[in-house]
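The values are calculated or read from the model by the stated rules, or taken from the named source; none is laboratory data. Keep in mind it's a predicted model, so treat the numbers as computed, not measured. Glycine gets a Cβ as well: all are built from the backbone with ideal geometry, and neighbour counts include every protein chain shown. Please note that ligands, DNA and RNA were not included when accessible areas were found on the heavy atoms of the full protein model with its side chains. Shrake-Rupley method; radii C 1.70, N 1.55, O 1.52, S 1.80 Å.
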Amino acid sequence: MIVDAGTVVLGIETSCDETAAAVVMGGSDVLSSVINTSIDQHVPFGGVVPEIASRAHVELLAPVVAQAIAEAGIADTRIDAVACTIGPGLIGALLVGVAAAKALAMVWDVPFIGVNHLEAHLYAGLLEDPTLELPLVVLLVSGGHTMLVEMRAHGHYRLLGETIDDAAGEAFDKVARFLGLGYPGGPAIDREAQYGDPSSVAFPRAIPDSLDFSFSGLKTSVMNHVRKHPDAVTADIAASFQMAVVDTLVAKARRAAREVGAKGLALGGGVAANSLLRERWLAACDADGIRAFVPSRAMCTDNAAMIAAAGWHRLRSDGPTPLDCGAYPGLRLPLVQS
Ligand code: KG4
Ligand code: ZN
């Protein structure tokens with residue numbers, strides 16, 4: 001099969017609480033992107049409840065796919081392949097998407113493409129600005145991952161650094177819960193921090209002398225500070241915590257870019273929606289004279305356009321995924337050693 005600028009891929013994403021479908025042509029032309037979420041049902045529990053997420057996907061997926069095709073303004077006969085997240089994620093949630101995607105691929109007699117969710121986040125920054133300049137350093141910051149990855153070619157990833165304890169998004173969620181700001185914590189801290197003074201508390205940056213990250217000490221410092229100063233203004237704590245996280249993320253990413261001679265710095269993952277991170281990222285790239293790839297906010301958090309885009313690249317490089325492929329909750333990013 002020839003995979004080119006006219007190849008239309010339907011993407012499906014069900015790895016966590018978002019039920020999403022998108023139609024993308026040529027790996028970067030987003031014809032539609034529909035996202036529904038069961039987040040409201042998880043809020044009372046302070047986190048995603050896997051069983052509830054799976055049940056919601058069963059109910060939401062068919063209408064979401066139908067809406068994505070309708071909004072793309074194409075007939076389903078125009079779809080050349082179906083791409084779906086096969087991991088990492090919640091097993092029950094993944095299974096709903098994988099089973100549906102395979103069924104559609106069989107009925108339409110088109111290839112099925114199993115997509116690694118982490119690889120898809122790497123592509124989100126490029127999706128809206130496909131004029132790639134390699135090598136690229138990508139910072140992937142989500143609820144489950146904090147990784148600095150060097151991308152030398154499509155599908156060619158080298159791990160430069162990762163968190164040795166909490167992921168950045170996890171730290172946002174835990175600190176927000178401690179401060180009583182609710183769930184999900186990242187957007188809540190982002191909002192609260194707008195009213196606070198980021199220099200009010202000098203939280204430690206705890207930078208290990210490598211490109212690895214550590215956020216668990218910072219989280220403990222926030223808790224200790226609030227226990228010692230019960231009258232502290234929540235907005236000031238949120239702003240100071242956010243500044244400490246963003247300082248660390250930006251400093252390491254810049255250093256990584258220098259070390260590998262990167263032409264661009266891309267952001268991906270849910271935490272990439274953070275206002276301060278986006279602002280500081282653009283300023284750092286500007287100061288260092290390298291290209292910044294910052295996805296729109298909608299493209300940072302889980303969506304199916306990035307799945308379809310990564311699927312298009314995988315179809316071009318590896319061909320279709322066999323239909324006996326499973327769902328893999330602990331799937332890792334495929335890395336090269338050097
Ligand atoms: O990529 P994502 O949607 O799901 C995973 O694959 O993990 O990322 C979710 C994470 C959550 O931890 C959430 O709190 C964080 O991204 N997040 C943010 C913001 N929006 C979402 N963190 C900081 N600032 C935000 N504006
Ligand atoms: Zn994600």
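Overview of values
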{"quantity": "Candidates W281, W312, filtered to the one that is within 16 Å of ligand 1 (Cβ to nearest atom) and at pLDDT 95 or above", "calculated": "W281"}
{"quantity": "Helices (runs of 4 or more DSSP H) contained in the stretch 185-279 and holding at least 1 residues in contact (Cβ under 8 Å) with a residue 12 or more places away in the chain and closer than 25 Å to I290 by Cα", "calculated": "234-260"}
{"quantity": "Test: residue in the stretch 178-187 that is of a type outside the set (D, E, K, R), open to solvent by less than 10 Å² (accessible area, probe 1.4 Å) and within 16 Å of ligand 1 (Cβ to nearest atom)", "calculated": "yes"}
{"quantity": "The one condition in (1) open to solvent by less than 30 Å² (accessible area, probe 1.4 Å); (2) in contact with a Ser or Thr (Cβ under 8 Å, 6 or more places away or on another chain) that P130 fails to fulfil", "calculated": "(1)"}
{"quantity": "Residues that are of a type in the set (S, T, N, Q) and either open to solvent by 50 Å² or more (accessible area, probe 1.4 Å) or not assigned by TED's automatic domain parsing to the domain that holds R314 (or both), drawn from the stretch 34-89", "calculated": "N36, T37, Q41, Q67, T77"}
{"quantity": "Failed item, numbered, when S15 is tested on (1) within 15 Å of ligand 2 (Cβ to nearest atom); (2) in a helix (DSSP H, G or I)", "calculated": "(2)"}
{"quantity": "Where a residue in the stretch 43-60 is under 15 Å from L94 (Cβ atoms) and its partner, wherever it lies, is open to solvent by 40 Å² or more (accessible area, probe 1.4 Å) and among the β-branched types (V, I, T), with Cβ under 8 Å and at least six apart", "calculated": "P50/I91"}
{"quantity": "Members of the stretch 263-278 that are open to solvent by 30 Å² or more (accessible area, probe 1.4 Å) and more than 16 Å from ligand 1 (Cβ to nearest atom)", "calculated": "K263"}
{"quantity": "In the stretch 18-34, the residues that are assigned to a strand (DSSP E or B) and closer than 16 Å to I74 by Cα", "calculated": "A21, A22, V23, V24, M25, D29, V30, L31, S32, S33, V34"}
